[in-house]
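**Student:** Before I ask anything, let me first share the structure, which is written out below as structure tokens.
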Amino acid sequence: ILFLDDLQWADELSLQLITALVADMEINHFLFIASYRDNEIDDTPSLVAFLKELKRKDITTTDINVGCISRRDVSELISDTINLPQHLTKSFSDIVYKKTGGNALFVTQFLQSLWDEELLVYSLECNVWEWDEGASDAKEILDDVGVLMAKKIRQLSIGCQHAIKLLACMGSKCSESILKLFIHEGEENWRSQQNTKKRNINYDSNDQFSMLDFAVDEGLIKKEGQNYIFAHDQIQHAEYFLIPEDERGQLHKHIGHLILKRSPDNRVDDVLFLVTDQLNRG
């Protein structure tokens, strides 16, 4: 079984390789599963060509459309989250559904924002969750995931934003051992770049890993074992596009050089693809 997420971002050569694999009749017991955003398919002609090629070769495919969650699902989610029967949370869950349209990411982020703004609180006196229904209903919600995530990220400290930006340059996830190779020097280099551009930026802490752990607490990043992983690919995208376009290449190049420079000789082969990817993007 081979599963690839976000196929809309795959390059043409990768799609050609996948086509060759799934079309090879000599390969038995092989199941290929892919996910992609159908609302972005018009921007990726190579994916359109890939899907057409599969049909042309009469390769059996099954399309599963994963849409937003239903009003009932939202109601069950909120009921489970705040540990109250659904009949007590119905008016509140109706507001959440109306605001989010059942978009799962919007639902979780909307609930998080209500908690951040103390519109959803746990009462120690009554030992129950309480919410301000009027304020929740009046609260605006952005209809673009990227804008929503960018707004949330901008509320973090500058140091935390910087640590997440470095992680975003690596993609959706990165191991702690790789981050250690560049995250501290990357910060110093970034500071010198900002100073040259006469920007006044003060970091809250030199410990960038504590900043990443703070982002974990905020639900933007997950830590699984030694890996830091963005909780959602749209969070990684939002953070990456907060880096000015004319600075991204220089940052990728610097990260690539640092990883290569600081990797032990016996580990160079392990990081070669990472380094090549960073230098190519630089």
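**Student:** Which whole-angstrom value gives the distance between the alpha carbon centres of the range 5-55 and the range 95-148?
**Tutor:** Between the Cα centres of the range 5-55 and the range 95-148 lies a distance of 37 Å.
**Student:** What Kirkwood hydrodynamic radius, in Å, does the chain give when the mean of 1/r is taken over all pairs of distinct Cα atoms and then inverted? Don't jump to the answer; show the numbers that get you there.
**Tutor:** Numbers: mean 1/r = 0.0457 Å⁻¹.
The Cα-based Kirkwood calculation yields 21.9 Å.
**Student:** Calculate, for Leu124 and Glu224, the FRET efficiency according to 1/(1 + (r/R0)^6) with r their C-beta to C-beta distance and R0 35 Å; round to the nearest 0.05.
**Tutor:** 0.60
**Student:** Calculate the spin-label point distance for Asp233 paired with Glu245, positioning each point 7 Å from the Cα along the beta-carbon direction, and give it in nanometres.
**Tutor:** 2.2 nm
**Student:** May I pose another question? Report Rg (one decimal) and Dmax (nearest whole number) for the range 100-178, counting Cα atoms only, units Å.
**Tutor:** Final numbers for Rg and Dmax: 16.1, 47 Å.
**Student:** Let me ask you something else. Determine, for each peptide in 4-11, 250-257, the mean count of other beta carbons within 10 angstrom over its residues, then list the peptides with the highest first.
**Tutor:** The most tightly packed comes first, giving 250-257, 4-11.
**Student:** On average, how much area does the Cα convex hull of the range 1-113 cover when viewed from any direction, in nm²?
**Tutor:** Seen from a random direction, the Cα hull of the range 1-113 projects 9.5 nm² on average.
**Student:** Separate question: How long are the three semi-axes of the equivalent ellipsoid of the range 51-157, in whole Å, if each is the root of 5 times an eigenvalue of the C-alpha gyration tensor, listed from largest down?
**Tutor:** 34, 19, 11
**Student:** Also, I was wondering about something else. Before anything else, pin down the relative contact order of the chain: Cα pairs under 8 Å, at least 6 apart, normalised by residue count, whole percent.
**Tutor:** Taking the mean separation of contacting Cα pairs over the length of the chain, I get 12 percent.
**Student:** Could you do me a favour and compute the accessible area per residue for the chain, 1.4 Å probe, result in Å²?
**Tutor:** Working: 16850 Å² over 282 residues.
Ligands and nucleic acids excluded, the result is 60 Å² per residue.
**Student:** For the pair Ile141 and His87, what calculated FRET efficiency results from E = 1/(1 + (r/R0)^6), where r is the Cβ-Cβ distance and R0 = 22 Å, to the nearest 0.05?
**Tutor:** Numbers: r = 25 Å, r/R0 = 1.14.
Working from the Cβ atoms, E equals 0.30.
**Student:** Express in nm, to one decimal, how much length is gained between Ala104 and Phe209 on full extension, taking 0.36 nm for each residue of separation and deducting their alpha carbon distance.
**Tutor:** That pair, Ala104 and Phe209, stretches by 35.0 nm at full extension.
**Student:** Within the range 100-160, report the GluC sites (Glu not before Pro) that DSSP leaves as loop and that have at most 10 other Cβ atoms within 10 Å.
**Tutor:** Here the GluC sites (Glu not before Pro) that fit, given the DSSP loop and packing criteria, are Glu118, Glu125, Glu140.
**Student:** Any chance you could run the full-extension gain for Glu12 through Glu176? It's 0.36 nm times the residue separation minus the Cα-Cα distance, nm to one decimal.
**Tutor:** 56.0 nm
**Student:** With +1 on each Lys and Arg Cβ and -1 on each Asp and Glu Cβ, how big is the dipole of the chain about its Cα centre, in debye rounded to the nearest 20?
**Tutor:** That gives a dipole near 660 debye.
**Student:** For Ala10, enumerate residues with amide H under 5 Å from its amide H, sequence gap 5+ or separate chain, H modeled in the peptide plane.
**Tutor:** For Ala10, no residues qualify.
**Student:** Ordered by residue, what ³J(HN,Hα) values in Hz, to whole numbers, does the range 154-162 give under the Karplus form 6.51 cos²θ - 1.76 cosθ + 1.60, where θ = phi - 60° and Gly and Pro are x?
**Tutor:** 5, 7, 7, 5, 4, x, 5, 4, 5
**Student:** To continue, here is another question. From the alpha carbon gyration tensor of the range 48-100, can you work out the equivalent ellipsoid semi-axes (sqrt of 5 times each eigenvalue) and give them in Å, largest to smallest?
**Tutor:** 41, 11, 7
**Student:** 7 Å from Cα along Cα→Cβ at both Phe30 and Ile1: what's the point-to-point distance in nm?
**Tutor:** So the label points at Phe30 and Ile1 sit 1.8 nm apart.
The values are calculated or read from the model by the stated rules, or taken from the named source; none is laboratory data. Note that the structure is a prediction, hence the values are computed from the model and not measured. Positions of Cβ are generated from backbone atoms using ideal geometry, with glycine treated the same way; all protein chains shown enter the neighbour counts. All accessible areas refer to the heavy atoms of the entire protein, side chains included, with ligands and DNA or RNA removed. Shrake-Rupley method; radii C 1.70, N 1.55, O 1.52, S 1.80 Å.
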